[in-house]
Protein chains: 2
Amino acid sequence: MAGTQDKKRANLRDVAKAAEVSVATVSRVLNAPDAVSPKTRERVEAAIRTLRFVPSAAARAINSGRTRFVGALVPTLDNAIFARFLAALEKTLGAHQLSLVVATTETDPGIEATKAKGLIDIGAEGLIVTGVSHSAEFHALIERTMLPTISTSYYDAASQMPTIGYDNAAAAQIALTHLAELGHRRIAVVHGPARGNDRTQARLSGLRALDLGLELSRFETEISLRGGSAVVEDIFADNPRPDAILCLSDVVALGALFGLQGRGIAAPNDVSLMGIDDLPSSAVAVPALTTVHLPVTRMGKRAAEALARWVAHQEAPGSERLPASLVKRASTAKRMAPR
Amino acid sequence: MAGTQDKKRANLRDVAKAAEVSVATVSRVLNAPDAVSPKTRERVEAAIRTLRFVPSAAARAINSGRTRFVGALVPTLDNAIFARFLAALEKTLGAHQLSLVVATTETDPGIEATKAKGLIDIGAEGLIVTGVSHSAEFHALIERTMLPTISTSYYDAASQMPTIGYDNAAAAQIALTHLAELGHRRIAVVHGPARGNDRTQARLSGLRALDLGLELSRFETEISLRGGSAVVEDIFADNPRPDAILCLSDVVALGALFGLQGRGIAAPNDVSLMGIDDLPSSAVAVPALTTVHLPVTRMGKRAAEALARWVAHQEAPGSERLPASLVKRASTAKRMAPR
DNA sequence: CAGGTTGATGTAACTAGTTACATGTGTCAA
DNA sequence: TTGACACATGTAACTAGTTACATCAACCTG
C-alpha cells in the first residue's frame with residue numbers, strides 16, 4: 001500500500017536512476033569515493049540509503065574473480081584439537097580478508113568428497129583438509145578443478161598436495177621413548193579407529209618401528225572423553241596390568257584419567273599416563289598430563305598464510321614440517337613398584 | 001609452449017565453441033542433462049573435461065540470487081559449548097544445502113559488527129548470532145540490509161530479531177535452587193566477564209531475583225578450564241569457606257574441579273560443585289558434574305532449520321524457548337558438616 | 001587567448017552464467 | 001499429405017556489478 005518502491009532488492013541501476021547519475025558514478029561512490037565530487041556523492045549516498053541498496057556480492061565476485069572465502073574440511077568439531085585449529089585458521093585468514101567455511105567429514109572419505117564438492121560449488125577459492133589420504137573422487141576433484149588445497153596435521157614431502165603438519169610417527173615415538181626412559185616396559189597403547197585415519201596409522205606405525213624391547217598392547221576406542229574413560233576397563237580387564245598407558249590423543253588421555261580416577265587407580269603412582277596433542281585441559285588436569293605438544297595453533301596460522309598467498313598470488317607453497325616436542329608433566333613418573 | 005589453450009579458466013562460451021554448440025546447450029548439460037540428446041551431451045562433456053571447465057559459482061549466484069551459505073558469529077571456538085553448537089548448525093544447514101561460514105567475535109561488539117559486515121560483503125544469505133545485545137552499528141547493519149538474522153543462546157520474545165535459546169535467568173535459578181535444597185547456604189558464584197555478555201548478565205540477575213535467604217559471593221574469572229582452576233584459590237583465600245560453588249558455565253566448573261583436586265579439597269564431601277551447560281566432559285568427570293542441561297545441539301538444529309526456511313521462503317520465524325533442566329550427578333550432595 | 005592538464009562524469013563493453021522464446025526437424029495421426 | 005506436437009537446439013536478453021575509454025568543462029600556463 002506504500003505506493004512506491006519495495007518489490008525487491010535495488011541494484012546499481014536503480015540507485016543511478018534515483019540519484020540521476022550513471023552507474024559508473026554509483027560504482028565509484030562505493031569503491032573510490034574520492035573520485036566523485038562531494039555534492040554528487042551525497043546525492044548517491046542518499047539514494048543508496050532510501051533504496052536500502054546492498055551491493056551484490058555475487059556480481060562483485062564475477063568481476064574480481066574472487067569470492068573471498070576458503071573452506072576447511074575437518075573430521076569433527078567435538079575434539080578440541082580441531083576447534084583450536086579452526087580458531088587459528090579463522091583468525092589468520094581474517095587478517096588476509098578471507099572468511100572460513102567449515103565442513104565436517106566425520107572421518108568418512110565419501111562425506112569429505114561430497115562436502116568438498118559443495119564447497120567448490122559455492123565458490124571456495126581454496127581448501128584446507130586434514131590428512132593426506134582421501135578418496136579417489138576427492139583427489140580427482142582437486143586435480144580437475146586445480147583448486148588450491150593444503151593438507152594439514154600430516155607432514156609428507158612426497159605428497160602432491162602441499163602438506164603443513166607434523167611427523168606423526170615421530171610424535172608417537174617421542175611419547176614412547178619417554179615412557180621407556182622412565183623404566184616402563186608393559187605399555188597399553190590407546191588409539192581411535194585407524195581405518196581411514198592416516199594420522200593414527202602413522203602414529204601406530206611409528207610405534208611399531210621403534211624397537212625398545214617393550215611389550216605393547218593396543219586398544220582401540222572412540223576419540224572422546226567417554227571413549228578414553230571406557231577403555232580403562234578393557235585395559236585392566238584380564239590382561240597383565242600395564243606400567244603405562246599411552247593415548248594417541250589427549251582427549252582420550254583425559255578420558256582415561258577420569259576412568260582411572262573412577263576405579264581408584266592413581267596416576268602416576270599406579271600407572272603412568274600420557275597423551276599426544278597438548279590441549280589446554282591437559283595442563284590443568286590433576287595430575288597435569290604429560291603429553292607431546294603438537295603446534296595446532298601454529299599449524300592453523302601457517303596453513304592460513306600459505307593458502308592466502310596461494311589464492312591471492314598463485315604461489316603454491318611447499319610442504320612444511322612443524323616440530324613436536326615432549327611436555328613432561330605430572331602424570332608420568334619413574335616405575336617404582338618392583339615387577 | 002603447449003601452443004593451444006591455457007591462459008586462464010575456461011568459461012561457458014569456450015566450452016560451447018569447443019563442442020560446437022550454443023551456450024544454452026552447455027548450460028543444459030550442466031543443469032538439465034535429460035533435455036540434451038546423448039550424442040550432444042557427450043560432446044559437451046568431453047569439451048568440459050579437456051578444457052577443465054568449472055562453472056563459476058558467482059555467475060550462478062548472480063542469476064539465482066542465492067549464494068547458498070550463511071554466517072555464524074560466536075564468541076569463541078575454544079569453549080566446547082560453541083563448538084558443539086556450530087557442529088549442530090553445520091549438520092542441519094547441510095541438510096538444507098547451506099554451508100556455514102564461521103566468525104569469532106571474542107565477545108567484542110566491535111569485532112562482531114566488523115565480521116558481520118564481512119559476512120554480508122561475501123554474500124551470506126543470513127546470520128546466526130549469539131545473544132541479543134549487540135553494538136549499535138551491528139543493529140543498524142541488520143536493519144539496513146534486512147538480512148535474515150537469528151539470535152541464539154538467549155530467549156527473548158520481545159527482541160526485534162527472532163531468538164532461539166533458553167531462559168538464562170531460569171537456568172541459573174534451577175541451579176541455585178538445587179543447591180539450596182541440598183541445604184547449602186553459603187554459595188560462591190563463579191562467572192565470566194559480564195560486560196558485553198548478556199547471557200552471563202541474565203544468569204546473574206536470575207540469581208539476584210531469587211530470594212532463598214542464601215549468602216552469595218561472586219567471583220569473576222576467565223571462561224576456561226584455567227580460569228575455573230585459578231578461581232578456586234580466590235574462593236578459599238580469606239573468605240569463609242562456602243558450602244557450594246556454582247559456576248555459570250561447565251568449562252569453568254570443570255576447571256574448578258581440577259582446582260579443588262589440586263588443593264586436596266573433595267567434591268562433594270568438602271564442597272558441592274555444579275555448573276551450567278552440560279558438556280559431555282561433565283558426565284565423564286570424576287566426580288561427575290551436576291549441572292543444568294542446556295540443549296545446544298537442539299538449539300543449533302532449530303536455529304539452522306529456522307534460518308534455512310527464512311532464506312529459502314522468506315518466512316521469518318518466531319522466537320523459541322528451549323527448556324533447561326537439572327542434571328543431578330555426583331558433584332553435589334546434602335550438606336553434611338554441621339555449621 | 002590558444003593549448004594543455006586536471007577533474008568529474010557518462011557510455012558501453014566487459015565479467016559468466018541462466019532462461020524465455022524462436023526455430024528447425026522428425027514423428028504420428030487424421 | 002498435412003497439421004499437430006514433441007524434441008533438440010540456438011539467439012539474445014536477461015542477472016548486477018566493474019572499468020576502459022570518451023567526453024566535457026574548468027582551470028592554468030605560456
Per residue of chain B, what 222 nm ellipticity follows from adding -39500 (n - 2.57) for every DSSP H run with n ≥ 4, rounded to the nearest 500?
-13500 deg cm²/dmol
Mean separation of Cα contacts under 8 Å (6+ apart) over length of region A:206-320, as relative contact order %:
18
Total formal charge among the other residues, if their Cβ is under 12 angstrom from that of A:Gly118, Lys/Arg +1 and Asp/Glu -1:
0
With A:Ala80 itself left out, Lys, Arg at +1 and Asp, Glu at -1 over residues whose Cβ is under 9 Å from its Cβ give -3
Along principal axes, largest first, the alpha-carbon spread of region B:1-72 in whole Å comes out as 46, 36, 16
With +1 on each Lys and Arg Cβ and -1 on each Asp and Glu Cβ, how big is the dipole of region A:168-294 about its Cα centre, in debye rounded to the nearest 20?
100
Could you list the square roots of 5 times each eigenvalue of the Cα gyration tensor of region B:1-142, that is, the equivalent ellipsoid semi-axes, sorted largest first and rounded to whole Å?
42, 16, 14
In percent, how large is the relative contact order of region B:105-256, given Cα pairs closer than 8 Å and 6 or more residues apart?
20
What are the nm distances, shortest first, from B:Glu222 to its equivalents in the other copies, labels at 7 Å along Cα→Cβ?
3.1
Between the modelled labels at B:Glu222 and B:Val23 (7 Å from Cα along Cα→Cβ) the distance in nm is 5.6
Which distances, in nm and shortest first, link the B:Ala158 label point to the same label point in every other copy, taking 7 Å along Cα→Cβ?
6.7
In degrees from 0 to 90, rounded to the nearest 10, what is the angle of the helix A:198-209 Cα long axis to the longest principal axis of chain A?
30
For region A:4-64, what does the relative contact order come out to in percent, with C-alpha contacts under 8 Å and a separation of six or more?
40
Place the label 7 angstrom along Cα→C-beta at A:Glu20 and in each other copy, then list the distances from the first to the rest in nm, shortest first.
5.6
Taking the Cα atoms of region B:168-294 alone, what are Rg (to one decimal) and Dmax (as a whole number) in Å?
12.9, 36
Can you bin every Cα-Cα distance in the protein assembly as shown into 10 Å intervals starting at zero and give me the percent of pairs per bin, rounded to whole numbers?
3, 14, 21, 23, 19, 11, 6, 2, 0, 0
Compactness index (Cα Rg / 2.2 N^0.38 Å), region B:286-334:
1.71
I'd like the orientation of helix B:250-262 relative to chain B: the angle between its Cα long axis and the longest Cα principal axis, in ° from 0 to 90, rounded to 10.
50
What number comes out for the charge environment of B:Arg241, summing +1 per Lys or Arg and -1 per Asp or Glu over other residues with Cβ under 9 Å away?
-1
As straight-line cross-link partners of A:Lys117, the qualifying lysines (C-alpha separation under 25 Å, not fewer than 8 residues apart within one chain) are A:Lys91, A:Lys301, B:Lys7, B:Lys8, B:Lys91, B:Lys301
If the convex hull is drawn through the Cα atoms of region B:205-264, its volume per residue in Å³
85
Evaluate peptide B:255-261: per residue, the Cβ atoms of other protein chains within 10 Å of its Cβ; return the mean as an integer.
3
From the P(r) of chain A, can you give the percent of Cα pairs sitting at distances over 29 Å?
51
By how many degrees, 0 to 90 and rounded to 10, does the Cα axis of helix B:38-51 deviate from the longest principal axis of chain B?
70
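Every number in this text was worked out from the coordinates using simple rules, so none of it is lab data. Bear in mind the structure is a predicted one, so any value in this text is a computation, not a measurement. As a convention, Cβ positions derive from the backbone with ideal geometry for all residues, glycine included, and neighbour counts pool all protein chains shown.
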